[in-house]
1. Considering lysine pairs in segment 12-73 that are 8 or more places apart or on different chains, how many have Cα atoms under 16 Å apart?
2. Enumerate by residue number the trypsin sites (Lys or Arg not before Pro) in segment 37-68 meeting two conditions: DSSP loop (anything except H, G, I, E, B), and at most 16 other Cβ atoms within 10 Å of the site's Cβ.
3. Under Stokes-Einstein, with the Kirkwood radius over Cα pairs standing in for Rh, what whole-number D in µm²/s applies to segment 12-73 at 37 °C and 0.692 mPa s?
4. Rounded to the nearest 20 Debye, what is the dipole magnitude of segment 12-73 about its Cα centre when Lys and Arg each give +1 and Asp and Glu each give -1 at the C-beta?
Amino acid sequence: MSIMGLPRQLTEKQMKFAELLVYNEGRKSASECAYEAGYKTRPRQAASELRNPRISPLVVKYIGELRQEIQEKYDIDLGRNISEMAKILDDHKSLINVSPEESQPKSEIEQRPVSD
């Protein structure tokens with residue numbers, strides 16, 4: 001049963017939504033994940049409610065657990081990744097030999113070819 005109106009366990013649809021959301025992060029929107037999980041009528045509303053800890057605390061907790069599991073499994077550390085990317089950029093700066101003037105976007109007038 002439930003305590004104060006909150007369910008004690010996740011439904012299959014809720015679990016599927018959480019898994020789709022986490023495993024497709026950056027590739028699918030939350031509403032796409034909700035639709036694919038079976039929330040066909042109002043997927044954007046469902047996605048919003050499923051990510052709201054006051055409305056769906058078990059789903060939010062499960063999403064956090066899945067993200068933690070992925071971080072541990074693949075040894076993901078945001079700070080370390082940013083440091084490594086900065087090092088790669090520093091190591092390859094010589095390959096990117098562009099002056100600051102060349103990197104600035106040209107105005108519309110400068111981009112038009114000159115006609116006779």
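1. 6
2. Counting only loop positions with at most 16 other Cβ atoms within 10 Å, the trypsin sites (Lys or Arg not before Pro) in segment 37-68 are LYS40, ARG54.
3. The estimated diffusion coefficient comes to 289 µm²/s.
4. My answer is approximately 260 debye.
Read-outs throughout are calculated quantities, based only on the coordinates presented, and are distinct from any laboratory measurement. In this text the structure is predicted, and so the values were computed from the model without any measurement. Neighbour counts are summed over all protein chains in view; Cβ atoms, including those assigned to glycine, are modelled from backbone coordinates with ideal geometry.
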